[in-house]
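Enquirer: First the structure, then my questions, so here it is.
The values are calculated or read from the model by the stated rules, or taken from the named source; none is laboratory data. Predicted, not measured: the structure shown is a model, and the values here were computed from it. Positions of Cβ are backbone-derived with ideal geometry, glycine not excepted, and every protein chain shown enters the neighbour counts.
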Amino acid sequence: MIIANATPDDLAHLLAFRREAADWISQLGSDQWSRPYPADRLLKTIEQGTVFMLRDGEKTAGTITLTPEAEEGLWTEEELAEPSLFVNKLTVSRDYAGQNWGGQLLDWAGDRGYRAGAKWVRLDAWTTNEPLQRYYLGQGFEHVRTVLHGDAINGGPRVSGWLAQRRTQEAAHGITDRTASPRPLSA
């Protein structure tokens, strides 16, 4: 498997990939990702170089977005002062499910964060998706807190407010990395 930056040409594929994931999640009884993701926002993140594609030849096995910016209203000022990378939109194709590609993408993210000087890889998950939360805990993440309507830092109510983090570290993730070296982060 190879990981590479997504390009604008990947936009339609990524939107379809997300719909596939949303349909699967819906079959499991969750409303996560039930609203279509705005194409213009996704294109902006692709152009910023923060969307990555896990490729198996011509097939896309997964995708992950990894940014130094947190979703507004989730993390405290003290937490934001610590150099971190934030995982978003981690998705693995149903054709590759059950093969730990999600775990390997998270290990790749932790390794990339380590090389960038980040202390943490952080994420937020759907507050009602307990199987997903258990998945992240099983991947070594620690639950920090759950931000609900009325509790949100800086006033941002969230349905995706289950916060978790894990320390960055060098990792043998098993993915051939064709991305540029990460930019160094500063505290």
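Enquirer: Could you tell me which residue of the range 109-137 is farthest from the chain's Cα centre (by Cα), considering only residues that are within 18 Å of Ala61 (Cβ to Cβ) and either buried (at least 22 other Cβ atoms within 10 Å of the Cβ) or of a type in the set (Val, Ile, Thr) (or both)?
Expert: It comes out as Arg112.
Enquirer: Let me ask something else. Residue under question is Leu105, and the condition is that it be modelled with pLDDT of 95 or more, surrounded by fewer than 14 Cβ atoms within 10 Å (Cβ to Cβ) and more than 16 Å from Leu74 (Cα to Cα); does it hold? Outline the logic, then answer.
Expert: Values: modelled with pLDDT of 95 or more: yes; surrounded by fewer than 14 Cβ atoms within 10 Å (Cβ to Cβ): no; more than 16 Å from Leu74 (Cα to Cα): yes.
Judged against the criteria, Leu105 is not a match.
Enquirer: Okay, moving on. Trp108 is checked against (1) in contact (Cβ under 8 Å) with a residue 60 or more places away in the chain; (2) out of contact with any His (no Cβ under 9 Å at 6 or more places or on another chain); (3) not in a strand (DSSP E or B) and fails just one. What number does that condition carry?
Expert: Going through the list (1) in contact (Cβ under 8 Å) with a residue 60 or more places away in the chain; (2) out of contact with any His (no Cβ under 9 Å at 6 or more places or on another chain); (3) not in a strand (DSSP E or B), Trp108 breaks only (2).
Enquirer: Continuing with this model, one more query. Please verify whether the range 17-37 includes one or more residues that are at pLDDT 85 or above, in a helix (DSSP H, G or I) and of a type outside the set (Gly, Ala, Ser). Spell out the reasoning first.
Expert: We begin by selecting, within the range 17-37, every residue at pLDDT 85 or above; these are none.
Scanning the range 17-37 turns up no residue that is at pLDDT 85 or above, in a helix (DSSP H, G or I) and of a type outside the set (Gly, Ala, Ser).
Enquirer: Mind telling me which of the residues Arg94, Arg115, Arg134 ends up being in contact (Cβ under 8 Å) with a residue 60 or more places away in the chain and more than 27 Å from Ser186 (Cβ to Cβ)?
Expert: Numbers: Arg115 fails: more than 27 Å from Ser186 (Cβ to Cβ); Arg134 fails: in contact (Cβ under 8 Å) with a residue 60 or more places away in the chain.
Just a single option satisfies the conditions, and that option is Arg94.
Enquirer: OK, next. Can we say Asp95 is acidic (Asp, Glu), under 17 Å from Ile2 (Cα atoms) and either surrounded by 23 or more Cβ atoms within 10 Å (Cβ to Cβ) or at pLDDT 95 or above (or both)?
Expert: Values: acidic (Asp, Glu): yes; under 17 Å from Ile2 (Cα atoms): yes; either surrounded by 23 or more Cβ atoms within 10 Å (Cβ to Cβ) or at pLDDT 95 or above (or both): no.
So Asp95 fails the test.
Enquirer: Among the residues of the range 82-91, are any in a helix (DSSP H, G or I), in contact (Cβ under 8 Å) with a residue 60 or more places away in the chain and among the basic types (Lys, Arg)? Step through it out loud before you land on a result.
Expert: Restricting attention to the range 82-91, the residues satisfying the condition of being in a helix (DSSP H, G or I) are none.
No, there is no match, as no residue in the range 82-91 is in a helix (DSSP H, G or I), in contact (Cβ under 8 Å) with a residue 60 or more places away in the chain and among the basic types (Lys, Arg).
Enquirer: What residue, of Ser186, Ser84, is hydroxyl-bearing (Ser, Thr, Tyr) and modelled with pLDDT of 90 or more? Steps first, please.
Expert: Working: Ser186 fails: modelled with pLDDT of 90 or more.
None of the other options fit; the residue is Ser84.
Enquirer: If the Cβ limit is 8 Å and pairs must be 6+ apart or interchain, which residue in the range 156-168 that is over 16 Å from Ala116 (Cα atoms) and assigned to a strand (DSSP E or B) pairs with which residue that is among the polar types (S, T, N, Q) and at pLDDT 75 or above?
Expert: Trp162/Thr127; Trp162/Asn129; Trp162/Gln133; Trp162/Thr146; Leu163/Thr146; Ala164/Gln133; Gln165/Ser84
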